[in-house]
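Accompanying notes for the structure given below.
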Amino acid sequence: MPLHAENFQVYPEALGPGTEVGTWRVMERLGVGGFGAVYRVEDMARPGEFYALKLALRPGDERAEREVTLLMVKAVHPNVVRFHACGRWPHPQTGYLYFVMDWVAGRPLDTWAEEVNPNFRELAQAVGKVALAFHALHGAGVRHRDVKPVHILIREADGEPVLIDFGIGDYAGAATITEQTVPPGTVHLRSPESVRFHRANHGRPGARYEHQPTDDLFALGVSLYRAVTGHYPFPPHLPPDMLYLAIEAQTPPTPADFNRRTPRALSDVIMRLLAKQPQERYPTGAELHAALMAAVSFGKSVAWEASLFEWDEKQGTELEPSAAPRRRIRRPEWPTYSGTPPAPRLVIAPALPFVRRPDRRDVVELGQEPPVEAPPVHQRLRSPVLVVAVLLVGVVGLAAWGMLLLEGGVAPDAKVPSPPSNVVTRPAPLREVAPVEALPEAVPATAPPMVEATGVAAAPLAALTKEDAPVMKESMPSASALKKVGMKALGVAGACLNLACSGPQVRPAPPPEECPPGALEAMKELGIELGDAQVFVFDVIKGEPHVITVREGNAIVRLGDEWKGLRGGGLLYGKLHLADRVYGRFTWLRTGQGRTYPVCIELLSSSRERGLERKPGSDADSAIIWTTGRANPVDHFE
């Protein structure tokens, strides 16, 4: 017996099989979204012909009306789902809007990639056709605005890709429906520029992001990344603020770096689609299609004919040992490193000795073989800061010498013993400084070339007052004059040192803060014990540790796998606070297996002090820090 709407209350998202909507009979529900429910229906006038019917969840929904306009007029294309009919139900004037489309018997892009496991050539050809469809749609002013794998169906009959679900689509000249800063959509497929706009304009009346063709192509790149690797480049399960940070700032590992079967040319196309700046991506779908076809044409055929993944043959279960093997792919593991390029390295100038190496004229004893001649040196002292330091050292030395003479350390008329006749005097050798190993955060470096001795400029006598002018006696200054000059020099030195010690004005340390809900329980589950600090490294760093510049705000650091319940390491998401030190408070952990947990972890320096030391060169808005330290689990933030 057919079911009629007048016999029961209507729930558009829950129509049972046999329900009649116009001339269509519901067979099964295919899915429910935020604005409509989709059913597979049969044409009652032509039994055995099946279609897809989308029913709005609210009467008078403007989005459903816009989708009808798009599919019926604006977005007509061979690779876009075909429109057939529309109406209102259960009342022809006030009922819920519905429309009927082709029922595409096929799989979403990511499911097709994993269940069919096509070769890379077939994938490139399918995505290339989607790119051409977008080129035509964008040329007509149409924006899909919700591109994702589930909205790209691969038809089983002929392998053709079909774009579906224009529920939040838009077209040039359409009226504004919502007043949101950015259009509705799926967060982990948003473009970096839309995220930046949202962050800069959230809450501002009238601020609206204009969706561009490059936004659709970025989302297509995310979908292609998912198909090739089995992973999304930006984990969808992250909290929204952390997900926004990853989209805006983090570069995912290239597909070829962890699915080694991926042709390098295809991997490069995907990474260009995911570029942070829209001008660095393919501007049109036609250019993307050309790039894909060129990659296939000029690449090695054996690489493009390989299937996306390796097959993992699973035998029958213990209950059914004779069952036929089940085929499923071996999903590549997510890499344990970031693809974000490292920040520019800060090169710290080494200490400069002001005595040149001995040359062939500096012979220790007459008749002895001279030392190996040093190469010519062309470096000169150019930094004003170092010049001031040299002057300061000279003035302080002069003062100390005068005070020493005054106290009787050396009599003005004392005789200095002459060296033996067979020895030529030379400058005293430099004392060694503390070795690199004595500095816990030092980076070994090769010894710099020596520079030639640089004279210290001194004020001419005419510039001195009568009181300061020294009285010459046997070419030696008097004790009283030396005392005065020494005291003035020490005063100047003290003033210079005071100036040098005045650092940037920094913010106060962050106030105490409780851990996020569930953090202590999650850490216990992961085997992370309070006070068990483990090594971390900032995720933007590759290679050996060094110093980087950071600012206050969101940050990501990478953990090792020392914690017994955390295999394969993980990523910590949190914030940095700039004060007398750089304090890090991290409240989310993403494991190497992709699971997310609330945590309560603060950063310690390598010497286990709370916060990271601000290196010289830091200012009020940024800090130079070492890239490694200790991640310390706590039960609250002090």
Proximal charge balance of ALA131 [Cβ under 11 Å; K/R count +1, D/E count -1]: -1
Cα gyration tensor of region 107-335 - equivalent ellipsoid semi-axes, whole Å, descending: 32, 20, 18
Dipole in debye (nearest 20) - region 153-194, about Cα centre, beta carbon charges: Lys, Arg +1; Asp, Glu -1: 140
Relative contact order of region 1-103, pairs being alpha-carbon contacts under 8 Å that are 6 or more residues apart, as %: 22
With eigenvalues of the C-alpha gyration tensor scaled by 5 and rooted, region 513-637, Å: 23, 15, 12
10 Å beta-carbon shell around HIS144, net charge (K/R +1, D/E -1): -2
Relative exposure of VAL269, VAL41, judged by other C-beta atoms within 10 Å (fewest first): VAL269, VAL41
Long pairs among LYS74/LYS300; LYS129/LYS300; LYS54/LYS276; LYS575/LYS615; LYS148/LYS524; LYS129/LYS575, criterion Cα-Cα beyond 31 Å: LYS74/LYS300; LYS54/LYS276; LYS148/LYS524; LYS129/LYS575
Sum of side-chain charges, PHE120 neighbourhood, beta-carbon under 12 Å (Lys, Arg +1; Asp, Glu -1): +2
Protection proxy ranking of 216-223, 158-165 - average other beta-carbon atoms within 10 Å, highest first: 216-223, 158-165
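With an 8 Å Cα cut-off and a minimum separation of 6 or more residues, compute the relative contact order for region 107-335 in percent. Present the calculation step by step, with values, prior to reporting the outcome.
Values: 343 pairs, mean separation 58.8, N = 229.
The normalised contact order for region 107-335 reaches 26 percent.
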Volume per residue that the Cα convex hull of region 1-103 spans, once the total is divided by residue count, Å³: 103
Peptides ranked, highest mean first, by Cβ atoms within 10 Å: ranges 519-527, 97-105: 97-105, 519-527
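A short reminder: the numbers here are calculations on the coordinates, not readings from a lab. None of these values were measured; they are calculated from a predicted model. All Cβ positions, glycine included, derive from the backbone under ideal geometry; neighbour counts span all protein chains shown.
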